[in-house]
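Engineer: Mind looking over this structure? Questions follow.
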Amino acid sequence: MNRVHVIGAGMAGLSAATSLAARGVSVVLYEAAKWGGGRCRSYDDATLGCRLDNGNHLLLSGNRSTMTYLDRIGAADTLVGPDKPLFPFIDLVSGAAWTLRLNRGATPWWVLRKTWRVPGTTPRDYWALRRLQRAKPDDLVENLLGTLGPLYDRLLEPLSIAALNTKPDVAAAAPLAAVVAESIALGGAASMPRYPAIGLSESFVDPALAFLRAHGAEFRFGARVAGLTVSANRVTGLVGPNVDEIIDPDDRVILATPPWVAADLLPGLIVPNAFEAILNLHFRAGIDAGKAGFYGLLGGVAEWVFEKTEVVSVTISAANDRLDTDPQTLAAEVWSDLRRGFGLPRTMPPYRVVREKRATFAATPAQLARRPGPATSLLNLKLAGDYTATGLPSTIEGAIRSGETAASMI
Ligand SMILES: Cc1cc2nc3c(=O)[nH]c(=O)nc-3n(C[C@H](O)[C@H](O)[C@H](O)COP(=O)(O)OP(=O)(O)OC[C@H]3O[C@@H](n4cnc5c(N)ncnc54)[C@H](O)[C@@H]3O)c2cc1C
């Protein structure tokens, strides 16, 4: 094999590129933007005059492909989080606050402790979680779990919205089952919340690019691949406004773009085609988010609030129905929630609303059925991306795993 051409420097592309480079393979990385990271990046925000992440990203210690990736690029110590598996929540309507705590081992004795489990639940309720393991492709989260009362309202619903970025009445239960199987079901040691100490780029992107540079990879940034030249069932060239590359017969290609770009480049490829937005609001203010550094919010507009160095940052997932809300109105609503939850002043500080319109594909059964595998009809082309059939939802872990899979097939 000569070289591997990786198109797209998001998490999937960087995962594929770094795992190939670690094996001594020559990599050429093409990226349409002038920076890497795709939907998982940091940037200097002119409005607030500080560095922001495009969206708050929460990971779990059980995200094994992500942890392997961070080890590989020498960035394992850039993630932080509580030293115990704990998830604090505030109910903005009742004012109640509680912390869900798990024990580290696989036997879930935490459900026996009233002060550790979700308030209003009994140990028996958790037994019903086995329903998830039997989830069929058409089962919806709400239909399967919605009868579980406070366990659903206070834990499973917010967990589902966070993991699937899709409202539970239309979201498929199967990818939620996959998340639970790789975290809570393995015990607290696999369920520790983790997030970047500084920013997404500092953890996931900059160290990966440095790793690739050190391993001799070639970079073509600002290079949008607009077409593939194909001959005898092989990709023979990449073309675009700033790209004109001949693919040697021994070369391989990994296409790690978002699904809509992959479908443009490969006519006939079926990919997810319905998406959900995520909105993040960043306020120039501070809160004390305690040991965890974040809170789950119930009964408000946003679902999570993070304490950051220079801002308080909130996430609104499955937010298609909020895309048209005027930013000032939205910020005022969220600030009012934050005032209630954290006793903040009446005057709203400077803020920034970041809208990611196609943050993830909608995790409905119909969309899951459209996920392609990594192989394509072209002999030297593999697919990677959070939209491919990883079994996981559209997440960093899914994207990184898809990159690993594509690289392992080369
Ligand atoms: C606001 C927000 C919050 C999120 N929160 C979480 C979270 O809490 N936890 C979690 O695990 N996940 C979260 N996610 C999901 C996660 O960010 C994505 O699943 C992941 O980053 C997708 O990576 P990817 O490589 O598959 O795709 P992308 O990040 O989209 O990467 C594709 C890359 O291809 C490039 N590209 C596109 N077209 C071309 C072309 N023609 N030629 C060359 N390059 C091209 C793009 O510029 C991009 O860099 C969130 C996403 C968003 C947007």
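The values are calculated or read from the model by the stated rules, or taken from the named source; none is laboratory data. On a predicted model such as this, the values are computed, not experimentally measured, just so you know. FYI the Cβ positions are ideal-geometry reconstructions off the backbone, even for glycines, and counts take in every protein chain you see.
Engineer: With (1) away from the ligand (no atom under 12 Å from the Cβ); (2) crowded, with 18+ Cβ neighbours inside 10 Å as the list, and Gly286 as the residue in question, which single condition is left unmet?
Structural biologist: Here Gly286 clears every test but (2).
Engineer: A further question on this structure: Consider only pairs whose beta carbons are under 7 Å apart and that are at least six residues apart or on different chains; among these, list those whose first residue lies in region 249-277 and is free of Cβ contacts under 8 Å to residues at least 40 places away in the same chain and whose second residue is surrounded by 15 or more Cβ atoms within 10 Å (Cβ to Cβ) and among the β-branched types (Val, Ile, Thr).
Structural biologist: Cβ pairs passing all conditions: Ala263/Val271.
Engineer: For region 148-177, give me each residue that is closer than 20 Å to Ile396 by Cα and of a type in the set (Val, Ile, Thr). First the steps, then the outcome.
Structural biologist: First pass over region 148-177, keeping only residues closer than 20 Å to Ile396 by Cα: 158-167, 171-177.
Of everything in region 148-177, those that are closer than 20 Å to Ile396 by Cα and of a type in the set (Val, Ile, Thr) turn out to be Ile161, Thr166.
Engineer: Could you tell me whether region 330-351 includes any residue that is within 13 Å of the ligand (Cβ to nearest atom) and basic (Lys, Arg)?
Structural biologist: Checked region 330-351: no residue is within 13 Å of the ligand (Cβ to nearest atom) and basic (Lys, Arg).
Engineer: I need every pair where a residue in region 177-188 that is in contact (Cβ under 8 Å) with a residue 60 or more places away in the chain has its Cβ under 7 Å from the Cβ of a residue that is assigned to a helix (DSSP H, G or I) and of a type outside the set (Ser, Thr, Tyr), sequence separation at least 6 or different chains.
Structural biologist: What qualifies is Val179/Ala163; Glu182/Ala190; Ser183/Ala190.
Engineer: Also: Does at least one position in region 292-303 carry a residue that is surrounded by fewer than 17 Cβ atoms within 10 Å (Cβ to Cβ) and on the phi < 0 side of the Ramachandran plot?
Structural biologist: Checked against the condition, which is being surrounded by fewer than 17 Cβ atoms within 10 Å (Cβ to Cβ) and on the phi < 0 side of the Ramachandran plot, region 292-303 yields no hits at all.
Engineer: Sort out which residues of region 213-261 are surrounded by 14 or more Cβ atoms within 10 Å (Cβ to Cβ), more than 10 Å from the ligand (Cβ to nearest atom) and under 28 Å from the mean Cα position of the chain (by Cα), and write them in order of number.
Structural biologist: His215, Ala217, Phe219, Arg252, Val253, Ile254
Engineer: Might you check whether a residue that is more than 30 Å from Ser15 (Cα to Cα) and within 14 Å of the ligand (Cβ to nearest atom) occurs anywhere in region 306-317?
Structural biologist: So far as region 306-317 goes, no, none of its residues is more than 30 Å from Ser15 (Cα to Cα) and within 14 Å of the ligand (Cβ to nearest atom).
Engineer: How about region 343-373: which of its residues are free of Cβ contacts under 8 Å to residues at least 60 places away in the same chain, more than 30 Å from Pro258 (Cα to Cα) and not basic (Lys, Arg)?
Structural biologist: Gly343, Leu344, Pro345, Thr347
Engineer: Sticking with this structure for a sec: I'm trying to understand the selection: among the residues of region 38-79, which are out of contact with any helix residue (DSSP H, G or I) (no Cβ under 9 Å at 6 or more places or on another chain) and more than 15 Å from the ligand (Cβ to nearest atom)?
Structural biologist: If the condition is that a residue be out of contact with any helix residue (DSSP H, G or I) (no Cβ under 9 Å at 6 or more places or on another chain) and more than 15 Å from the ligand (Cβ to nearest atom), then Asp44, Ala46, Thr47, Leu48, Gly49, Cys50, Asp71 are the ones that fit.
Engineer: Still on this structure, please answer the following. Has region 350-372 got any residue that is over 20 Å from the mean Cα position of the chain (by Cα), assigned to a loop (DSSP other than H, G, I, E, B) and modelled with pLDDT under 95?
Structural biologist: No - not one qualifying residue is present in region 350-372.
Engineer: Out of all the residues in region 1-40, which are polar (S, T, N, Q) and under 18 Å from Leu70 (Cβ atoms)?
Structural biologist: Passing the criteria: Ser15, Thr18, Ser19.
Engineer: Yes or no: region 208-222 includes at least one residue that is in the same structural domain as Glu404 (by TED's automatic domain parsing) and without any contact (Cβ under 8 Å) to a residue 60 or more places away in the chain. Spell out the reasoning first.
Structural biologist: Taking region 208-222 first, the residues in the same structural domain as Glu404 (by TED's automatic domain parsing) are 208-222.
Within this subset, residues satisfying the condition of being without any contact (Cβ under 8 Å) to a residue 60 or more places away in the chain are 213-214.
Checking region 208-222: at least one residue is in the same structural domain as Glu404 (by TED's automatic domain parsing) and without any contact (Cβ under 8 Å) to a residue 60 or more places away in the chain.
Residue by residue, here is whether (1) assigned to a helix (DSSP H, G or I); (2) of a type in the set (S, T, N, Q); (3) more than 19 Å from Gly10 (Cβ to Cβ) holds:
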residue	(1), (2), (3)
Phe204	yes, no, no
Leu209	yes, no, no
Arg213	yes, no, no
Arg220	no, no, no
Arg224	no, no, no
Val230	no, no, yes
Val235	no, no, yes
Asp244	no, no, yes
Asp250	no, no, yes
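Engineer: Considering region 196-212 alone, what residues qualify as being surrounded by fewer than 20 Cβ atoms within 10 Å (Cβ to Cβ) and under 26 Å from Leu100 (Cα atoms)?
Structural biologist: Ala197, Ile198
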